[in-house]
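Please read the structure below before turning to the comments.
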Amino acid sequence: RRITDIIRHDIFAPPISARIYAYSAVAAYEALVPGFPAYQSLAGQLNGLSPGPKPEAGKEYCYPLASFNAQLIVGKQLIFSESDAEDLKEKTFEDFKKMNMPDEVYDRSMAFGDAVAKHILAWSKTDNYAQTRSAPKFNIDVENPARWRPTPPAYGDALEPHWCEIRTWVIDSCSQFKSDPPIAFSTDKKSDFYKQALEVRDMVNLKNVENEATAWYWDDNPFAMEVSGHVAFAKKKISPGGHWMNIVGHACRKGNADIMKSAEAYVKVACALADAFVTCWNIKYKTNTIRPESYINQYVDQNWQPLIQSPPFPEHTSGHSTISMASATVLTGLFGDNFSFTDSTEMEFGIDPRTFKSFNEAAEQVGVSRMYGGIHYRRGNEAGLKCGKDVGQFVLTELKTRK
């Protein structure tokens, strides 16, 4: 959760946040797994991850300490606010020291965590992330009315248009999983595209209190720009991936998962999140579909505004829907289909907790919330949920944690 707080403070884009979660979770898992013989390493399973350091035979280790140290080192390297990570480090290490373990065990465990972190960080540097930082900007197709264009109030550049070039974690490539295509673009008032835009407009104009509450609950915009006169300021919220990593925590606590099962849950969900973002971003920039806000303003009502802010990237498919169903599918495989839970993630933003009968129910609510908020068509949400389920099922099946 502390890594999530720092991610929010540093305003990382949702795909980048997922990358941070994935590498941090893998580091925690790999440093912990030698202490649990029923589990196995992810080396040789995750793309490009070779076998890492091994503990010294016959020596005693505190693997939870090694795991924490590895996760903290990796997380700290991938964020900006390193001083905040240091605060967490000092407090947690004090807790370990209160256990009165022998100094040599403490030092040996810390050294093992260091070695695992170094291995994971070296792996992270080969995923093409650095190269995408200097990739050219996305060219907006101003001649084609069907294509995405920047939306108010910030009219920001396209976010991470080269994310499909990032090396995937479990899936084979960014194009392994497809989505149902968007509805064919048309400005004809009798067309399906026009009708789906009207559905979004009418949904927002209805001003249904419950629908609006659902839209705000799952808004999860890490950098919503508020404009008042000539003054612009940002509202920092948790990212979509951060919200689901929080839900992993709720599930582990309610399910009384031990430390190893918790590490398993975090790493599987984190990898599903990361792969779902790569998959979805590939689809987004290939379909390059206009947002409801832009379409409605141009062809229906020039003064209409969505309830929540349109993010700066193409519409199809819904990213939040995709990553939510990917996460829900993994969590369902780990904890069961009818695992009810209460999510208190949004309390710090003044929003009451919500209780769900299952992970899938939460993911499906995410999908419809994007239409309630006015930022996605129904087709984009449904296609995202379907594609996310495919990604999540693949990660759940192919990433073997148990021997």
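The values are calculated or read from the model by the stated rules, or taken from the named source; none is laboratory data. Since the model is a prediction, treat every value here as computed from it, not as a measurement. Using ideal geometry, Cβ is built from the backbone for each residue, glycine included, and neighbour counts are taken over all protein chains shown. Quick note on the areas: whole protein, heavy atoms, side chains included, nothing else; ligands and nucleic acids left out. Shrake-Rupley method; radii C 1.70, N 1.55, O 1.52, S 1.80 Å.
Running a GNM on the chain with Cα contacts under 10 Å, which residue among N256, N381, N47 ends up with the highest mean-square fluctuation? For the chain, modelled as a Gaussian network with Cα springs under 10 Å, the answer is N256. The residues of the chain expose, per residue, 43 Å² of accessible area to a 1.4 Å probe.
In percent, rounded to a whole number, the relative contact order of the chain is 22, using alpha-carbon pairs under 8 Å and six or more apart. All alpha carbon pair distances within region 1-149 were sorted into 10 Å bins beginning at 0; the resulting P(r) in whole percents reads 10, 34, 30, 14, 6, 3, 1. Shape class of region 290-391 from the Cα gyration tensor (axes a ≥ b ≥ c, square roots of the eigenvalues): oblate, since a/c reaches 1.5 or more and a/b does not exceed b/c.
A 1.4 Å probe over all protein chains sorts T126, T4, T187, T287 by accessible area into T126, T187, T287, T4, starting with the largest. Of the residues C280, C271, C387, the one that moves most in a GNM of the chain with alpha-carbon contacts below 10 Å is C387. A cut-off of 5 Å between modelled amide H atoms, ignoring neighbours fewer than 5 places along the same chain, links C62 with S109. Which entries of K91/K268; K76/K261; K76/K118; K54/K98 have Cα-Cα distances beyond 19 Å here? Over 19 Å apart, Cα to Cα: K91/K268; K76/K261; K54/K98. The calculated FRET efficiency for N338 paired with K137, based on their beta-carbon distance and R0 = 51 Å, is about 0.65.
On the beta carbon distance between A213 and K59, with R0 = 51 Å, the FRET formula returns roughly 0.40. Extension gain, S186-A130: 0.36 nm per intervening residue step, less the Cα-Cα distance, totals 16.3 nm. These residues, E94, E30, go from largest to smallest accessible area, 1.4 Å probe, as E94, E30. Converting phi to 3J(HN,Hα) with the Karplus coefficients 6.51, -1.76 and 1.60 and the offset θ = phi - 60°, region 390-397 yields 4, 5, x, 5, 5, 5, 4, 7 Hz in sequence order, with x at every glycine or proline.
Here the Karplus curve 6.51 cos²θ - 1.76 cosθ + 1.60, taken at θ = phi - 60°, turns the phi angles of region 172-182 into couplings of 5, 6, 5, 9, 4, 10, 9, 10, 4, x, x Hz, with x standing for Gly and Pro. Amide hydrogen proximity for Y39: with H placed 1.01 Å from N in the peptide plane, the residues at 5 or more positions away or on another chain lying under 5 Å are K403. When nucleic acids and ligands are ignored and a 1.4 Å probe is applied, H376 ends up with an accessible area of around 10 Å². Here the Karplus curve 6.51 cos²θ - 1.76 cosθ + 1.60, taken at θ = phi - 60°, turns the phi angles of region 125-140 into couplings of 6, 9, 9, 6, 4, 4, 5, 6, 5, 10, 5, x, 5, 6, 7, 7 Hz, with x standing for Gly and Pro. The Cys residues in the chain with no partner Cys Cβ within less than 4.7 Å of their Cβ are C62, C252, C271, C280, C387. Normalising by residue count, region 88-218 has a Cα convex hull of 242 Å³ per residue.
When peptides 257-264, 134-141, 366-373, 338-345 are ranked by their average number of other Cβ atoms within 10 Å per residue, the highest-first order is 366-373, 257-264, 338-345, 134-141. So, with a 1.4 angstrom probe, what is the percent of accessible area on the chain that is carbon and sulfur? Its accessible area is 50 percent carbon and sulfur atoms.
Distant-in-sequence amide contacts of R149, defined by a placed amide H-H separation under 5 Å and a gap of 5 or more residues or a different chain, comprise R291.
Here each label is just a point 7 Å from Cα along the line to Cβ, and for R253 and E348 those points are 1.3 nm apart. Taking Cα centre as origin and charging only the Cβ of basic (Lys, Arg, +1) and acidic (Asp, Glu, -1) residues, the dipole magnitude of the chain rounds to 560 debye. Taking every Cα-Cα distance in the chain and sorting them into 20 Å bins from zero, the calculated P(r) comes out as 27, 56, 15, 1 percent. Computed with the Debye formula from one identical point scatterer per Cα of region 90-158, without solvent, the log10 of I(q)/I(0) at q = 0.16 Å⁻¹ comes to -0.76.
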